[in-house]
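Worksheet: one structure, shown below.
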Amino acid sequence: MHIFAIANQKGGVGKTTTSVNLAAALAIQGQRTLLVDLDPQGNATMGSGVDKRALTTSIYQVLLGLATLAEARVASPSGKFDVLPANRDLAGAEVELVDIDQRETRLKEALDRHSEDYDFVLIDCPPSLSMLTLNGLCAAHGVIIPMQCEYYALEGLSDLVNTIKKVHANLNRDLKVIGLLRVMFDPRSTLSNQVSAQLEQHFGDKVFKTMVPRNVRLAEAPSYGVPGVLFDRASKGAQAYLTFAEEMIQRVKTL
Ligand code: ADP
Ligand code: MG
């Protein structure tokens, strides 16, 4: 079982879109996949076709030890993957975890019990370097960082990389950056191409070969509760995530 956190403390950079579409694309490739929604906004949950308002059990109860992962997970009605769903309850976990032992490794413990169930686990992290994100980073073997190729993209990156280094040193020796994924890419923009080239210079083969273009079909899909790769499989955005899934399947063979 390979566990990846999709993280970037900036909001709106494509974490959830990447999590949902990679989960659906891996499932299309026959990979047994679990998508973990670690964001109280519950966007990955809704985007997978699961109604966050109707949940009786969610990741919140799992983190606090009030339910098991087996009790809380649901099958995505639109994709062939499982979801450990989230809703606003999760916002409270941040505070409530403070009094709990081993609070950084609650998610890891829950996933450890299911290491035979899945080939891939993807964790959609919230836009912060909070206790929730820390749970994601402690549970993961690697981090996938989606980023837009714009001027300020590199600015937040060093904070994230430093956090990953600290977690690696103190809490999770398995953790590494798997790669940077260029998303919402505009091949006609000079700036996009410049930043993209800079990323390749600095990070070398840590930059995934696949680039996800800006594509309106990916943005439309969540309102139907269907992953973009299934909503309009022929669209350029869907094709990119299908290719990215293949790249990930190859990449894990080298880990
Ligand atoms: P995050 O989870 O990092 O906050 P999201 O995945 O929710 O980011 O993306 C932010 C917004 O951008 C959403 O409205 C989403 O539909 C849109 N979006 C993400 N990726 C693309 C893309 N490749 N093309 C067009 N729109 C996108
Ligand atoms: Mg999100």
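Taking the numbered list (1) surrounded by fewer than 22 Cβ atoms within 10 Å (Cβ to Cβ); (2) in a helix (DSSP H, G or I); (3) in contact with a helix residue (DSSP H, G or I) (Cβ under 8 Å, 6 or more places away or on another chain) in turn, A24 passes all entries but (1). Being hydrophobic (A, V, I, L, M, F, W, C), over 18 Å from the mean Cα position of the chain (by Cα) and within 25 Å of H168 (Cα to Cα) is the requirement here; does A110 meet it? Against the criterion (hydrophobic (A, V, I, L, M, F, W, C), over 18 Å from the mean Cα position of the chain (by Cα) and within 25 Å of H168 (Cα to Cα)), A110 does not qualify. One residue stands out among those in region 190-222 that are in contact (Cβ under 8 Å) with a residue 12 or more places away in the chain and of a type in the set (S, T, Y): the one that is nearest to L242 (Cα to Cα), which is T210. Within region 105-134, which residues are in contact with a helix residue (DSSP H, G or I) (Cβ under 7 Å, 6 or more places away or on another chain), within 16 Å of ligand 2 (Cβ to nearest atom) and not in a loop (DSSP other than H, G, I, E, B)? Correct list: L122, I123, D124, L132. Among the residues making up region 237-255, those that are touching a residue at least 40 places away in the same chain (Cβ under 8 Å) and not small (G, A, S) are Y241, L242, F244, E246, M248, I249, R251, V252, L255. Beta carbons closer than 9 Å, at least 6 apart along the sequence or on distinct chains, pair a first residue in region 95-106 that is farther than 16 Å from N170 by Cα and acidic (D, E) with a second that is modelled with pLDDT of 90 or more and in a loop (DSSP other than H, G, I, E, B) for E96/L64. Quick one: which of P40, P77 is within 13 Å of ligand 1 (Cβ to nearest atom) and not in a helix (DSSP H, G or I)? Unique residue meeting the criteria: P40. Contact annotation: residue pairs with Cβ atoms under 8 Å, 6 or more positions apart or on different chains, pairing a residue in region 13-35 that is modelled with pLDDT of 95 or more with a partner that is among the acidic types (D, E) and surrounded by fewer than 23 Cβ atoms within 10 Å (Cβ to Cβ), are L26/D119; Q29/E246; Q31/D119; R32/D117; R32/D119; T33/D119; L34/D117.
Only a single criterion out of (1) crowded, with 16+ Cβ neighbours inside 10 Å; (2) among the β-branched types (V, I, T); (3) part of a helix (DSSP H, G or I); (4) more than 14 Å from ligand 1 (Cβ to nearest atom) is not satisfied by V95, namely (1).
The values are calculated or read from the model by the stated rules, or taken from the named source; none is laboratory data. Since the structure is predicted, the reported quantities are computational estimates derived from the model, not experimental observations. Every residue, glycine as well, gets a Cβ built from its backbone with ideal geometry; the counts of neighbours run over all protein chains shown.
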